[in-house]
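Notes for the one structure printed next.
The values are calculated or read from the model by the stated rules, or taken from the named source; none is laboratory data. These figures come from a predicted structure and were not determined experimentally. Virtual Cβ from ideal backbone geometry, glycine too; neighbours counted across all protein chains shown.
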């Protein structure tokens, strides 16, 4: 029976430090927000590297380190095929969608629907897509806090707060949710991007440390190469061949379509693309995400494969868990990392899920303000609201959405939990994304084609679900039926397109914009580099604190010197980022 390091006061201190940093990020970002243009799209001044890191890390969540780790533990090499599928999807973005999103010249993500289809399409999506997003925020928060409350050891405890009895899970939901709402409401998109950058550094350093030490432990005195050989020799038969869902061609097709849509036309991704200075930067961002989406998953998939040998009977280690394999990555951390780095791992999972929820907060508030509040105010009052009023509405919207997300997270246990719900929930999103992708590629369909294709796709998918058709493969059933139905309805609707219809005037203008490249903006990109100094400073603080953790007691399996390695990595990254920021302070030569 292995001996795990449990979270102690030092780990709590590092977790608290992370919380303080993300809140400070929000206050710093607030200073950069001079109006709603800064709040929603950072004034179009986000450097492409920063936008790429932000977008990449937003694809991570506690789900990746818990449920996806469990999948890897069970099926083996098939996980590599599935969880690196974002890389080719981003390459499609590099060649097409990245530049198109930047050429669309948007202020909010759903403004694309207004320009490509009609204002009524935007209202339709606001009602049918925004509410499920709130549920998604609550689900993500709930899954995260299952991990956090268990890792910190108070999941089964009860707390009395002001006469109200709350479980450890409920307390963690309230605390984590409050911090998530606070820094997002204060800082807007700048807060999201800056905190995502810090989160990406945390995740990379954590995975870079766990990857080699897991194979060093597996190899014993023989070292890393012996660990690899032991993995090859001792895993179950078929572990290095496709099995289960990873060998199901229908599942793979549905999963690939979902990835293609999710990594090219999801609203938070669109927001990143039009927030960089030019389309060259948008394409570089997509390419960076493609590389990270191939290399990054390998850094946590390969250690989990080693865990299959290190913990051959993981069910005996975590008998209280419904799916003990989902604790495989956490088990590696608790076995092989010293105090300090353990707190770092918890912070990494926190940061990944918070970043994902933060993106949803931002685009939801953007579309509520710009696409709903402003048009209604203009219709009722005869003029647009002031920039200050728009900013206040956006912040209020974020607060309300956050509060609703926390409420959903608290009530999810009453509906049987979130994991089974997740499969159905995400597979239905293709119905909303297909008209967006089709509308960007084919721009000669009438103003109602988006509503029609989305409604038809949802109707078919829900009908098949209710009738119990193909219950063994719900993701493939939902995604494929939605994709086929939306495409057919969209194609047929083209028969009703008339260029001289006044309702299609904005479609023609959008088509002209999408054919017109956005000029390069080197000055804007150069100015945006200054934010690297802030990220560098925060990274330096984390690196110095983690280096000091070298003096904490360690063990033979988890020597405290590993804190120093991680700390020095962070310090090196922090110094490099500050050097980049220092160059940005040098005045540009006058033409």
(message) Consider the stretch 486-511. How many of its residues are crowded, with 17+ Cβ neighbours inside 10 Å and either within 19 Å of residue 115 (Cα to Cα) or in contact with a helix residue (DSSP H, G or I) (Cβ under 6 Å, 6 or more places away or on another chain) (or both)?
(response) 7
(request) Determine, yes or no, whether residue 463 is modelled with pLDDT of 95 or more, surrounded by fewer than 18 Cβ atoms within 10 Å (Cβ to Cβ), touching a helix residue (DSSP H, G or I) at 6+ places or on another chain (Cβ under 8 Å) and in a helix (DSSP H, G or I). (result) no
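Residue-by-condition table, conditions (1) at pLDDT below 95; (2) surrounded by 15 or more Cβ atoms within 10 Å (Cβ to Cβ); (3) assigned to a loop (DSSP other than H, G, I, E, B):
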| site | (1), (2), (3) |
| --- | --- |
| 421 | yes, yes, no |
| 434 | no, yes, no |
| 446 | no, yes, yes |
| 459 | no, no, no |
| 479 | no, yes, no |
(message) Can you find a residue that is within 17 Å of the chain's Cα centre (by Cα), surrounded by 17 or more Cβ atoms within 10 Å (Cβ to Cβ), modelled with pLDDT under 80 and under 30 Å from residue 440 (Cα atoms) anywhere in the stretch 140-158?
(response) yes
(request) Taking residue 346 as the residue in question, decide whether it is surrounded by fewer than 18 Cβ atoms within 10 Å (Cβ to Cβ) and closer than 25 Å to residue 568 by Cα. (result) no
(request) Select from the stretch 304-327 the residues that are part of a helix (DSSP H, G or I) and modelled with pLDDT of 90 or more and list them in ascending order. (result) 304, 305, 306, 307, 308, 309, 310, 314
(message) Yes or no: the stretch 377-386 includes at least one residue that is at pLDDT below 85 and outside any helix (DSSP H, G or I).
(response) no
(message) Any residue at all in the stretch 263-285 that's surrounded by fewer than 24 Cβ atoms within 10 Å (Cβ to Cβ) and under 13 Å from residue 88 (Cβ atoms)?
(response) no
(request) Report whether or not residue 514 is within 26 Å of residue 48 (Cβ to Cβ), crowded, with 17+ Cβ neighbours inside 10 Å and modelled with pLDDT of 90 or more. (result) yes
(request) Just give me the residues in the stretch 551-571 being without any contact (Cβ under 8 Å) to a residue 24 or more places away in the chain and surrounded by 16 or more Cβ atoms within 10 Å (Cβ to Cβ), in sequence order. (result) 564
